[in-house]
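Chemist: Supplied in structure tokens, the structure appears directly below.
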Amino acid sequence: MTKSILITGATSGFGKACAEYFAAQGWLLILTGRRVERLEQLQKQLGDRVRCSIPLDVCDRKLVFEKLGSLADIDVLLNNAGLALGLEPSWETDINDWDTMVDTNVKGVMYCTRAVLPQMVKNNRGHVVNIGSIAGRWPYPGGNVYGSTKAFVQQFSRNLRADLLGTQVRVTYLAPGMAESEFSKVRFKGNNEQASKVYQGTEPLIPQDIAETVFWVVNRPAHVNINAIEIMPVDQAWGPLAVHREKD
Ligand code: NDP
Ligand code: 8X3
């Protein structure tokens, strides 16, 4: 039977690249996102590879359960929808941004997973792939709540595995580093100049790198579970720990 992948946040970046890549490999797609015109465009582009497209805000618990809870035969749930907002220090940040990041990156992942898992457990088949971030493990100034939401995604993925032991349902946590998408445009609230500076003079990951990784992960033999993958561009690595030196 042709396999189906449900992608949250299919309208841009990693989600869109995954939709295109999985479609090219013969999979069926269930596409979700808030921007309806983008969903329609993608549906037109990918034609009969699209099983259905569902306008959906992952923060809307009732809608998530209504729309995703009744879908049958989902082989892969890709919890990809997410965002960072702002880069201010914690004492200056807009508290609404913190709420939005928690609602989307934490609660959205919880809701979609809880809505889809029962049918996977019932079929004793399926794979949940959660997109986290290197920010979930490695702190940086201004990463405050964004990084913390991704740390949640990492631990949630591991706890799901613990719950699912004894079933054939798999769970993977995928933590990308710097990748060029609409991510920075969203983070800097439409300031394209600030967004493009993030990638200036360097070679970031591209969304297709993530799509290829997700595809590899879900195509391992059925007895293999890839627990976690961290992936960065070659041009990104760690610096020394920061030390404040103005004590004289
Ligand atoms: P994009 O901004 O290009 O894509 C984000 C996607 O998430 C969009 O399709 C957007 O769709 C969707 N989305 C956001 N909020 C919601 C919501 N409330 N409900 C439903 N969909 C939503 O960024 P990326 O592709 O880069 O990001 C994808 C994931 O990867 C995120 O979780 C991000 O945190 C993570 N990530 C990104 C990295 C990067 O450097 N780019 C690195 C590490 C992790 P719409 O607006 O139509 O709803
Ligand atoms: C996105 C990567 O380093 O900008 O999750 O937080 S980073």
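The values are calculated or read from the model by the stated rules, or taken from the named source; none is laboratory data. Quantities reported herein were computed from a predicted structural model and do not represent experimental measurements. All Cβ positions, glycine included, derive from the backbone under ideal geometry; neighbour counts span all protein chains shown. Please note that ligands, DNA and RNA were not included when accessible areas were found on the heavy atoms of the full protein model with its side chains. Shrake-Rupley method; radii C 1.70, N 1.55, O 1.52, S 1.80 Å.
Chemist: It is to be established whether one or more residues within region 54-75 are closer than 20 Å to TYR173 by Cβ and among the basic types (Lys, Arg).
Modeler: No: region 54-75 contains no residue that is closer than 20 Å to TYR173 by Cβ and among the basic types (Lys, Arg).
Chemist: From (1) in contact with a Lys or Arg (Cβ under 7 Å, 6 or more places away or on another chain); (2) in contact (Cβ under 8 Å) with a residue 24 or more places away in the chain, pick out the condition that doesn't hold for PRO55.
Modeler: The one condition PRO55 does not meet is (2).
Chemist: A further question on this structure: Going by the conditions given, is GLU246 open to solvent by 40 Å² or more (accessible area, probe 1.4 Å), modelled with pLDDT under 95 and not aromatic (Phe, Trp, Tyr)? If you could, list the steps in order and put the result at the bottom.
Modeler: Values: open to solvent by 40 Å² or more (accessible area, probe 1.4 Å): yes; modelled with pLDDT under 95: yes; not aromatic (Phe, Trp, Tyr): yes.
The answer is yes for GLU246.
Chemist: Where residues in region 149-201 are among the β-branched types (Val, Ile, Thr) and more than 12 Å from ligand 1 (Cβ to nearest atom), which of them is surrounded by the most Cβ atoms within 10 Å (Cβ to Cβ)?
Modeler: VAL171
Chemist: For region 144-191, which positions are of a type in the set (S, T, N, Q), touching a helix residue (DSSP H, G or I) at 6+ places or on another chain (Cβ under 6 Å) and more than 13 Å from ALA84 (Cα to Cα)?
Modeler: Result: GLN154, THR167, THR172.
Chemist: Considering only region 122-148, state which residues are more than 10 Å from ligand 2 (Cβ to nearest atom) and touching a residue at least 24 places away in the same chain (Cβ under 8 Å).
Modeler: Scanning region 122-148 gives ASN123, ASN124, ARG125, GLY126, HIS127, VAL128, VAL129, ASN130, ARG137, PRO141, ASN144, VAL145.
Chemist: In addition: Quick one: is GLY108 touching a strand residue (DSSP E or B) at 6+ places or on another chain (Cβ under 7 Å), within 30 Å of GLN168 (Cα to Cα) and within 16 Å of ligand 2 (Cβ to nearest atom)?
Modeler: No, not satisfied.
Chemist: Any residue in region 109-130 that is open to solvent by less than 10 Å² (accessible area, probe 1.4 Å) and farther than 20 Å from SER4 by Cβ?
Modeler: Scanning region 109-130, I find no residue that is open to solvent by less than 10 Å² (accessible area, probe 1.4 Å) and farther than 20 Å from SER4 by Cβ, so the answer is no.
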